[in-house]
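Scroll down for the structure; my scribbles are underneath it.
Please treat every number below as a calculation from the coordinates, not as lab data. Keep in mind that what you see is a predicted model, and the values were worked out from it rather than measured. Neighbour counts are summed over all protein chains in view; Cβ atoms, including those assigned to glycine, are modelled from backbone coordinates with ideal geometry.
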């Protein structure tokens, strides 16, 4: 536990956030100091910071850069988002009222400092949402793509369609810049799969390929430099160049969630009832252009609004037997079990946030390839060395391999996994580092051997780090032996590694 609340604030702003926030560190620290002068204990200050940190998480998610642009209706969306994304927060009266009490007091502090000019919107939202005997979320009838009791009117859908079409053009132009060439080529390779070429431009198949590719690229792909989705990167970079309506649509698109589901029944001519294949959550969607008998035989997957009722972008549907549907479900459950080894306690949402593409490939393999088992069984049956020590890994080695890895095409997430590998190795054995380059090269080489069929060139690594190939091989062997590493080791498995493992004979 950190020694005081100010240390928690410092760590958050210096290490846990990657963008400029609408609430500065100075504002938070000034407010907490004022509370301390008024007699608040450290535990009370930590509770205040807990609620402010929740609000900061939402602001970062929607890329808000000005508090006074938040309407009173949007505070209702804040509560919904917190209930969906913050562990332990429930949209019930006590926590919601506590949240607003902290926020109101903080805003009043900012108003006294003339940082904000008006607190009316927040006060109105707090009264309407948490001023009664139960939480009452605000119905937002503004431009936003909200849940509704009926299908969107043609006129409204047309307006939304025009804005979305304009955004797609801007997104396409933005990501065709030279700086994203490596990402685009990597995403194409991952999406097509290691055994499949990009299809020739034949009308139907080609357009469907690109439609599904862009859906994957914008919502599921993680950029090399920062591990953000392209949609999030676009929202952060281009926010000031977008209209208010475009920013609202982007905010809703950022709330989409990859979902696999079946249709359980037709509610009425406008709505169908759906069931999440993995969580068994029941939700409803607008009636698609299928007859009911056909829908019952289909599996659907794609991006829909979390806790909402509107389909987004590209939903894939496949007709399959109950037996094949069961097999797809079992394969995905095995993949999630492998992911649980790397991220214990992960939810299905967290799994698909990282590996939605693996599910798409799994479906394709089961439909088109003669393969009995897609997901390797051996990884699920292994035991691993216990990481019990708490030694700091050699910092010079860490800095060196983090610096070099991007030059070999490794992503930010790959670097994080390699840092974990190095940390774990330093816990199971006492490492004597005489030449940082030899160990940095060994970490990179080990990580590449885990996640790629071909690995990388030891000779090139050794030359780049000015060490001998023999030292790289020797240190690699030590790492593999001490950590009991194996091909496609789930502890350090990357996006590429998981997909390669699915196509391994």
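General observations
- Counted over the stretch 395-485 with a bin width of 10 Å, the fraction of Cα pairs per bin, in whole percents, is 18, 59, 23, 0.
- Looking at the chain, the DSSP beta bridges with both ends there are about 100 percent antiparallel.
- FRET efficiency for the residue 225 to residue 281 pair, using the beta carbon distance and R₀ = 30 Å, is estimated at 0.30.
- Shape of the stretch 20-84, Cα gyration tensor, a/c cut at 1.5: prolate
- Calculated diffusion of the chain, Stokes-Einstein form, Kirkwood radius summed over Cα pairs, 4 °C and 1.567 mPa s, µm²/s: 51
- Principal axis extents of the Cα atoms in the stretch 351-406, from largest to smallest and rounded to whole angstrom, are 48, 30, 20.
- The stretch 5-130 shape via C-alpha gyration tensor axes, a/c threshold 1.5: rounded
- Mean Cα-pair separation over length for the chain, i.e. relative contact order, pairs under 8 Å, 6 or more apart, %: 10
- 222 nm mean residue ellipticity, helices alone, for the chain (DSSP H n ≥ 4; -39,500 (n - 2.57); rounded to 500): -17500 deg cm²/dmol
- Counted residue by residue at 0.36 nm each, then reduced by the alpha carbon distance between them, the extension gain from residue 372 to residue 435 reaches 18.0 nm.
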